[in-house]
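The values are calculated or read from the model by the stated rules, or taken from the named source; none is laboratory data. What you see is a predicted model; the values in this text were computed from it and never measured. FYI the Cβ positions are ideal-geometry reconstructions off the backbone, even for glycines, and counts take in every protein chain you see. For accessibility, only protein heavy atoms count, side chains too; no ligands or nucleic acids. Shrake-Rupley method; radii C 1.70, N 1.55, O 1.52, S 1.80 Å.
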Amino acid sequence: KRWIRPASALAAAACLLLMTGLLHGINLPMWFADYRTAKGGQSTITLSDGSTVMLNTDTGVLVDFTQHSRTLILHQGEAYFSVSPDPKRPFSVQTRQGKVTALGTVFNVRQWQDSTQVTVFEHAVKVAAEQGPVLDRLNQGQQAEFALNRPPIAAKADLNRIGGWREHRLVFKNQPLREVVEELAHYRSGKLFVVGERLAQHRVTGIFDPRDTDAALRIIENTLPIKEYRLTGRLVILAPAG
């Protein structure tokens with residue numbers, strides 16, 4: 001590792017990146033969540049109807065139960081839902097991009113930035129995008145990702161990879177370094193950046209423990225042609241070596 005001197009131009013640029021990233025990272029709706037986790041944290045909650053929700057890192061949900069419906073608003077993050085049946089009160093998860101309604105099921109919903117991904121572990125769900133067509137049934141072993149300008153389309157899901165976070169496993173299979181770094185960033189304070197498109201497209205395969213993201217970064221640094229720069233522990237820059 002190479003530690004940047006505070007007086008260097010790179011350090012100044014890094015400070016600017018960090019400040020900009022932190023300001024843009026403020027999510028006011030998270031403050032109104034009934035349940036939330038910090039970065040790197042996990043929590044399991046039992047709702048008044050007996051359903052359980054496991055929250056992943058940096059996740060916030062608001063519970064809105066009435067006599068006729070059960071709705072959870074996922075402000076951001078990832079959650080695994082195990083729903084207790086109640087035919088008179090449908091169970092739904094609302095995100096910025098649309099709504100997922102349980103059809104007596106266990107499912108995972110993930111919302112980061114501008115898209116929502118839902119994966120079905122048992123039975124099925126109904127997916128209604130905020131703008132666009134409705135996917136009436138997404139079955140066990142399937143997933144769909146949707147956004148305001150992208151309708152939900154059913155695809156085969158890798159349940160072992162997607163559900164790995166519940167056992168503190170992040171599973172990557174031939175994925176670009178950019179995606180790996182973005183995932184690791186959800187579990188640590190500060191910011192991670194990859195410099196250069198060529199480096200960002202390097203393929204990574206491995207299983208990492210999100211409770212120790214520094215160890216994951218060390219493995220990546222020892223595997224790929226990378227130089228790692230750090231600033232006060234809050235900013236890590238991965239740049240091409242040589």
Exercise for review: Compute from the Cα atoms of the chain the Rg and the Dmax, the latter being the longest Cα-Cα distance, and quote both in angstrom.
Suggested key: 19.4, 64
Point to revise | Whole-Å semi-axes of the ellipsoid equivalent to region 147-201 (Cα gyration tensor, √5λ, descending) | key: 22, 18, 13
Review point. How high is the relative contact order of region 89-242, in percent, counting Cα pairs under 8 Å that sit 6 or more residues apart?
Key: 14
Practice item. Filter the trypsin sites (Lys or Arg not before Pro) in region 79-149 down to the DSSP loop ones having no more than 13 other Cβ atoms within 10 Å, then list what survives. Key: Lys88
Exercise for review: First check a/c for region 72-211, with a ≥ b ≥ c the square roots of the eigenvalues of its C-alpha gyration tensor; if it is under 1.5, answer rounded, and if not, answer prolate when a/b is larger than b/c or oblate otherwise.
Suggested key: prolate
Review point. Ignoring ligands, DNA and RNA, what percent of the accessible area of the chain is carbon or sulfur (1.4 Å)?
Key: 53
**Study point:** Local electrostatic count at Leu159 - Lys and Arg +1, Asp and Glu -1, tallied over other residues with Cβ under 15 Å
**Key:** +2
**Study point:** Residue pairs, from the table Lys39/Lys126; Lys99/Lys173; Lys99/Lys191; Lys39/Lys191, whose Cα atoms sit over 20 Å apart
**Key:** Lys39/Lys126; Lys99/Lys173; Lys99/Lys191
**Study point:** Per-selection metrics, region 50-112 (Cα): Rg and Dmax in Å
**Key:** 10.9, 32
Check your understanding: Taking the chain as a Gaussian network, where each spring joins two C-alpha atoms under 10 Å apart, which residue of Thr105, Thr37, Thr66 fluctuates the most?
Key -> Thr66
Review point. Taking only the alpha-carbon atoms of region 25-76, what semi-axes of the equivalent ellipsoid follow from 5 times the gyration tensor eigenvalues under a square root, in whole Å, largest first?
Key: 21, 14, 6
Review point. With every protein chain left in place, what is the accessible area of Arg218 in Å² (1.4 Å probe, nearest 10)?
Key: 100
**Study point:** the chain - charge dipole about Cα centre, Lys and Arg +1 at Cβ, Asp and Glu -1, debye rounded to 20
**Key:** 560
Revision key, fill the gap. Given a 1.4 Å probe, the accessible area of region 67-150 per residue, as a whole number of Å², is 45
